[in-house]
Amino acid sequence: MASFEAMSRNRITLLAAAGMAGALLAACGEDTTTGSAAQNTTSTAVTSTTVRTGAAADLMGADGQPKGRVTFVETGGRLVVEGKLTGLPPGFHGFHVHAVGKCEAGPPAFTSAGGHLVVGDQAHPVHAGDGPLIMVLGDQTAEIRFTTDRYKLADLLSPDGRAMMVHANPDNYSNVPTRYAPEVDAMTKATGDAGDRIACGVVKRS
């Protein structure tokens with residue numbers, strides 16, 4: 001009889017010990033899961049707070065109609081310029097940053113924006129604000145994306161402001177062979193004969 005009671009007590013003790021071990025293992029598992037979740041949450045929070053500095057210009061035509069947007073994002077000491085435009089005449093057009101952040105309708109349109117953006121002592125076609133041509137498609141839309149180190153975000157966000165401009169004609173970048181003329185004229189030197197200003201937008205911090 002005594003032996004049976006002893007065996008029962010031993011069995012109860014073993015079951016209790018097994019239960020405690022199971023509880024400890026479960027607790028350890030919960031701690032591991034919680035730690036992993038906490039790490040994931042922290043990682044997500046860091047990613048979501050990453051800020052990219054930049055600027056943007058919403059362009060309008062001389063008729064007051066919207067013509068699209070150009071954005072400027074600073075990354076690695078350079079600016080990525082990206083434009084999505086609409087409502088423009090098909091063909092190639094000059095595309096420049098101008099020195100003054102004013103887009104008054106005129107007439108003539110948008111001369112309030114001054115000349116091309118210049119940083120230091122520069123002449124066309126190496127003005128800081130000289131950009132590649134844009135090609136407008138038959139449906140009057142255009143997209144462009146390029147990277148520049150000719151100007152920085154700080155140059156765009158100056159107290160006078162800057163303006164993004166689309167011209168009526170392509171820019172010839174002062175590339176006039178001498179067989180056509182002994183020397184290019186002042187207008188070609190200044191603007192590359194890009195012609196009238198057909199869309200303008202003031203650059204603002206985004």
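The values are calculated or read from the model by the stated rules, or taken from the named source; none is laboratory data. Quantities reported herein were computed from a predicted structural model and do not represent experimental measurements. Because the Cβ atoms are built from the backbone with ideal geometry, glycine has one as well, and the counts that use them run over all protein chains shown.
Below are the figures for this structure:
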{"item": "Odd one out for A168, checked against (1) modelled with pLDDT of 90 or more; (2) more than 25 Å from the chain's Cα centre (by Cα); (3) more than 26 Å from P108 (Cα to Cα)", "result": "(3)"}
{"item": "Some residue of the range 146-168 being more than 17 Å from L79 (Cβ to Cβ) and in a strand (DSSP E or B)", "result": "yes"}
{"item": "Single match in A99, A45, A105 (criterion: among the hydrophobic types (A, V, I, L, M, F, W, C), more than 17 Å from the chain's Cα centre (by Cα), modelled with pLDDT under 95 and closer than 24 Å to D155 by Cβ)", "result": "A99"}
{"item": "Total residues in the range 87-140, condition within 21 Å of N172 (Cα to Cα) and not in a loop (DSSP other than H, G, I, E, B)", "result": "14"}
